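*Asks:* Before anything else, here's the structure in question.
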Amino acid sequence: MDTKAFKRSLQHSENYHRKGFGHQEEVATQLQSEYQSQLIQQIRNNNYTLTRGDVTIRLAKAFGFCWGVERAVAMAYETRKHFPTERIWITNEIIHNPSVNQRMREMNVEFIPVTAGKKDFAIVETGDVVILPAFGASVQEMQILNDKGCKIVDTTCPWVSKVWNTVEKHKKREYTSIIHGKYKHEETIATSSFAGKYLIVLNLKEAEYVANYILHGGNREEFLAKFSKACSAGFDPDKDLEMIGIANQTTMLKSETEQIGKLFEHTMMQKYGPANLNDHFQSFNTICDATQERQDAMLELVEQKLDLMIVIGGFNSSNTTQLQQIAFERGIPSYHIDSVDRILSENRIEHRLLNGNLEITNNWLPDGEIVIGVTSGASTPDKVVEDVIEKIFELKSIVAIA
């Protein structure tokens, strides 16, 4: 289908909404009371540092809710106020934060059920309101909702839309989009739905495998098996890698996206010569500002002397995982948690490892004076960060008294 024409048609429909509904001030007050924190503001005002007793907290200078996330949550709240009696659905989590998604449920905003790994839109009826989350929805999902006559509230982050525009440009020139991302992630699923031919690479290692195939060929069956869930239908590595364009999931590690882009630029230059590079390679900057700012702040934070690092964010939040990766690479004891409930005691903490597994670590909180670095992903409210910091202060106080 002509995805660009469909999107343009959808945006001109009276059932499509991409702006608020005039309840901004009321919603802003509500969001402030539910998600913001006086303690966190105090730490910001004190050069991102706070000491109580034996504990010094050092906050990253950029963390938590980004503009796109805040906008999506505000639009969801406005939608509930504007449609007080209608059934409202979300095609996926509004953002990757458990407390915010739970709040949606408390507001009687339902999530599209998933059956056997696939979303079941049969439950949605004509006239229902459906919210598209911050990381977007696939063009096929939009088409289903449009055909059903639903009211669509599109909270897709503009940075994600920018990536969609990039793969549309690739498609127009019949370039294959090489997308740096996770093929199961909602954003990458949406991005690939707007692409023509595409191949999704998870990391630099996979990108190097593809680059080597471009230069030297290889085992076609092995290639297709390796990327069986991460490429477009009918993908042919012997033909579809002659003209390529680079795109990315906006929450991936900036430095790795840049490395992958440079790798493929050099690969195509080596294969076809510098004079012909523009006929075989396209690259646009689609790295999200907010993701980049949080990664840069984390890189600055880990240069300080820290006894341990707390990274707060949803366990399925890609940008939070990238922050954890930075701490891991520096060899700093680091714990990725999604809420204060993961801190079980001063001796035990449940946290997510980089491989996705949950683990309980004993004796995680050192005795005596300690310096703790704290950051949070772009979907994490300040209130959640406050709860974690206050819990640490409380535990260290108990230990000191004991």
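*Asks:* Output the strands (runs of 3 or more DSSP E) that fall wholly within the range 80-161 and possess 3 or more residues being surrounded by 20 or more Cβ atoms within 10 Å (Cβ to Cβ) and touching a Ser or Thr at 6+ places or on another chain (Cβ under 8 Å), or say none.
*Replies:* Numbers: elements: 88-90, 109-111, 129-132, 151-154.
Fully inside the range 80-161 and qualifying: 129-132.
*Asks:* Here's another thing I want to ask about it. Quick check: is even one residue across the range 66-74 buried (at least 19 other Cβ atoms within 10 Å of the Cβ) and part of a loop (DSSP other than H, G, I, E, B)?
*Replies:* yes
*Asks:* Also: Go through the range 48-65 and give me each residue that's of a type in the set (Phe, Trp, Tyr) and buried (at least 20 other Cβ atoms within 10 Å of the Cβ). Talk me through it step by step, then tell me what you get.
*Replies:* First, pick out the residues of the range 48-65 that are of a type in the set (Phe, Trp, Tyr): 48, 63, 65.
Selection gives Phe63, Phe65.
*Asks:* Name the pairs whose Cβ atoms lie under 7 Å apart, with the first residue in the range 230-250 and among the aromatic types (Phe, Trp, Tyr), the second assigned to a loop (DSSP other than H, G, I, E, B), and 6 or more positions between them or separate chains?
*Replies:* Going by the 7 Å Cβ cut-off, the qualifying pairs are Phe235/Lys197.
*Asks:* Would you pick out the residues in the range 31-41 that are assigned to a helix (DSSP H, G or I) and either touching a Gly at 6+ places or on another chain (Cβ under 6 Å) or surrounded by 14 or more Cβ atoms within 10 Å (Cβ to Cβ) (or both)?
*Replies:* Within the range 31-41, the subset assigned to a helix (DSSP H, G or I) is 31-35, 38-41.
Selection gives Leu31, Glu34, Tyr35, Leu39, Ile40.
*Asks:* Now, a different point. Picking from Arg294, Arg352, which residue would you name as being under 15 Å from the mean Cα position of the chain (by Cα) and charged (D, E, K, R)? Before you say what the answer is, go through the steps one by one.
*Replies:* Details: Arg352 fails: under 15 Å from the mean Cα position of the chain (by Cα).
Among Arg294, Arg352, only Arg294 is under 15 Å from the mean Cα position of the chain (by Cα) and charged (D, E, K, R).
Only the coordinates and a few stated rules stand behind these numbers; no lab work does. Treat the numbers as computed from the prediction; the structure is a model and nothing was measured. FYI the Cβ positions are ideal-geometry reconstructions off the backbone, even for glycines, and counts take in every protein chain you see.
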